[in-house]
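The values are calculated or read from the model by the stated rules, or taken from the named source; none is laboratory data. Worth saying up front: this structure is predicted, and the values here are computed from it rather than measured. We place every Cβ from the backbone using ideal geometry, glycine too, and count neighbours over all the protein chains shown. Keep in mind that these areas ignore ligands, DNA and RNA; they rest on the heavy atoms of the full protein, side chains included. Shrake-Rupley method; radii C 1.70, N 1.55, O 1.52, S 1.80 Å.
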Amino acid sequence: MEIPPPVELKLPLIVPHKVLMGPGPSNAAPRILQALSQPVLGHMHPELFTIMDEIKKGIQYIFQTKNELTLAISASGHAGLEAVMCNLLEPGDTVLVLVNGIWGERAANIAERNGAVVQKLQKSNSNDNFSIIEIENAIKGYLPKLVFVVQGESSTGIYQPLDGIGEITRRYNCLLAVDTVASLGSVPMFMDQWKIDALYTGCQKIIGVPPGVTPISFSQKAHNVIFNRKTKIPVYYLDMTLLGQQWNCFEKNLPRLYHHTTSANLLYALREGLAIVADEELENVIERHQRCAERLYKGIELLGLEFYIEDEVKRLPSVTTIKVPKGVDWKNVVDYAMKNYKFELSGGLGPTVGKVFRIGIMGYNATPENIDKTLQILKEALAYSKNDSKL
Ligand code: GLV
């Protein structure tokens, strides 16, 4: 062979153990890691179909929905956003996107790529959420086909309450899509009760599964829109009319469609991630995350640090943003934690780059012990960084 086998591949694989207290991914529970190492099954094997049916039930539980068109996409959370846009929008449709961070911006970008007319409801400050009046006025003004909301902006740590928005979108005959990639499991979600038409979450955050599968669900109203399009869904891989057949979401007697080769092992992991949530029960999972967030807030105040989101009720429990104090280089702090403790603290993203630290409280990692360790390391890293800048 002209190109020899790489010498690097002759060495053993080495993966360090790190504690991931950034905005995700989080560490996977041992039960999930064990599920990943089970034997591979074929994507058309009946045992895998049973696991897919169990996953569907688990997603219906965590979303609190009875929607039939509920499944997991074989791709990371970002694909949930792409799937919402490419299935629900057609060229020329108007979409209203609520933007107070990078994920709202990303949604606007993707909607535009799908040929939609994008209107943004934007905050002058990315550390605030939208009132129901602001949302209703924007809907009244633009009369969009789709309204897109991020429940938990991991780039800013802002939490957007959803209660009441669905009543408005129904009144104005538009669809409501919600991104819960970073929020689901740390705050309530009632997809049916809140009249949400499209919803997706990230598996690598509170569910604690390695990235690569994305729970998603569409209401009957969204289902009808998808099946009555004038134009073809532009992305074959994310076409819900086909994926729904692979996941047996339509007529139960139809044979499963081979649409693409699913990753059996990631599906086992997702099944176990959902089972862990079901065992603990959703309300307890949410409460655990909120208790950890309160513990973190107290510790942050004791350290004399300031929150990016001043109003506690507007903070997303799963991602806390803390202002970088004057005279501190955020990167030194983050690097110190990683180098000395293999502990991930994160810097800002999008509008918060260079301005904040982001601390994630997610899934298996959401324990008082991890919160205390985070505070201890942060304190030490800040002291180091201040001394370092005097040298
Ligand atoms: C990813 O979701 C991030 O916020 O960094």
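A few comments on the model shown:
- From the list ALA35, ALA75, the one residue that fits, being in a loop (DSSP other than H, G, I, E, B), in contact (Cβ under 8 Å) with a residue 24 or more places away in the chain and closer than 18 Å to GLU272 by Cα, is ALA75.
- Test: residue in region 179-186 that is small (Gly, Ala, Ser) and part of a strand (DSSP E or B): no
- The numbered conditions (1) more than 18 Å from ILE32 (Cβ to Cβ); (2) among the aliphatic types (A, V, I, L, M); (3) open to solvent by 30 Å² or more (accessible area, probe 1.4 Å) are all true for ILE276 except (1).
- Qualifying positions in region 91-106 - open to solvent by less than 10 Å² (accessible area, probe 1.4 Å) and over 14 Å from GLN151 (Cα atoms): VAL95, LEU96
- When residues in region 245-258 are screened for being touching an Asp or Glu at 6+ places or on another chain (Cβ under 8 Å) and either closer than 22 Å to LEU41 by Cβ or in a helix (DSSP H, G or I) (or both), 2 of them pass.
- Candidate set from region 163-191 (those that are on the phi > 0 side of the Ramachandran plot and touching a helix residue (DSSP H, G or I) at 6+ places or on another chain (Cβ under 9 Å)); member that is nearest to the ligand (Cβ to nearest atom): GLY185
- The set of residues from region 358-370 being open to solvent by less than 50 Å² (accessible area, probe 1.4 Å) and assigned to a helix (DSSP H, G or I) comprises GLY363, ASN365, ASN370.
One line per residue, one yes/no per condition, for (1) more than 24 Å from ALA198 (Cβ to Cβ); (2) of a type in the set (Phe, Trp, Tyr); (3) within 16 Å of the ligand (Cβ to nearest atom); (4) without any contact (Cβ under 8 Å) to a residue 60 or more places away in the chain:
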residue: GLU8; (1), (2), (3), (4): yes, no, no, yes
residue: LEU13; (1), (2), (3), (4): yes, no, no, yes
residue: ALA28; (1), (2), (3), (4): yes, no, no, no
residue: HIS43; (1), (2), (3), (4): yes, no, no, no
residue: PHE49; (1), (2), (3), (4): yes, yes, no, no
residue: GLU68; (1), (2), (3), (4): no, no, no, no
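- Boolean, GLY115 is touching a Phe, Trp or Tyr at 6+ places or on another chain (Cβ under 6 Å) and under 21 Å from PHE227 (Cα atoms): no
- Scanning region 107-162 for residues that are polar (S, T, N, Q) and within 16 Å of the ligand (Cβ to nearest atom), we see that the one that is surrounded by the fewest Cβ atoms within 10 Å (Cβ to Cβ) is ASN109.
- Residue match in region 293-310 (condition: within 16 Å of the ligand (Cβ to nearest atom), part of a helix (DSSP H, G or I), modelled with pLDDT of 95 or more and surrounded by fewer than 19 Cβ atoms within 10 Å (Cβ to Cβ)): no
- Filter pass, GLY80 being within 16 Å of the ligand (Cβ to nearest atom), assigned to a helix (DSSP H, G or I) and buried (at least 18 other Cβ atoms within 10 Å of the Cβ): yes
- Taking the listed residues VAL95, VAL99, the one that is within 16 Å of the ligand (Cβ to nearest atom), under 20 Å from ASP197 (Cα atoms) and of a type outside the set (S, T, N, Q) is VAL99, with no other qualifying.
- Screening LYS373, LYS355 for residues that are surrounded by 15 or more Cβ atoms within 10 Å (Cβ to Cβ), of a type in the set (Lys, Arg), farther than 22 Å from ILE206 by Cα and touching a residue at least 12 places away in the same chain (Cβ under 8 Å) leaves exactly one candidate, LYS355.
- Selection status of ALA381, at pLDDT 95 or above, over 27 Å from the mean Cα position of the chain (by Cα) and either hydrophobic (A, V, I, L, M, F, W, C) or within 16 Å of the ligand (Cβ to nearest atom) (or both): yes
- Applying the condition of being among the basic types (Lys, Arg) and in a helix (DSSP H, G or I) to region 102-138 and asking which residue is nearest to ASP179 (Cα to Cα) yields ARG106.
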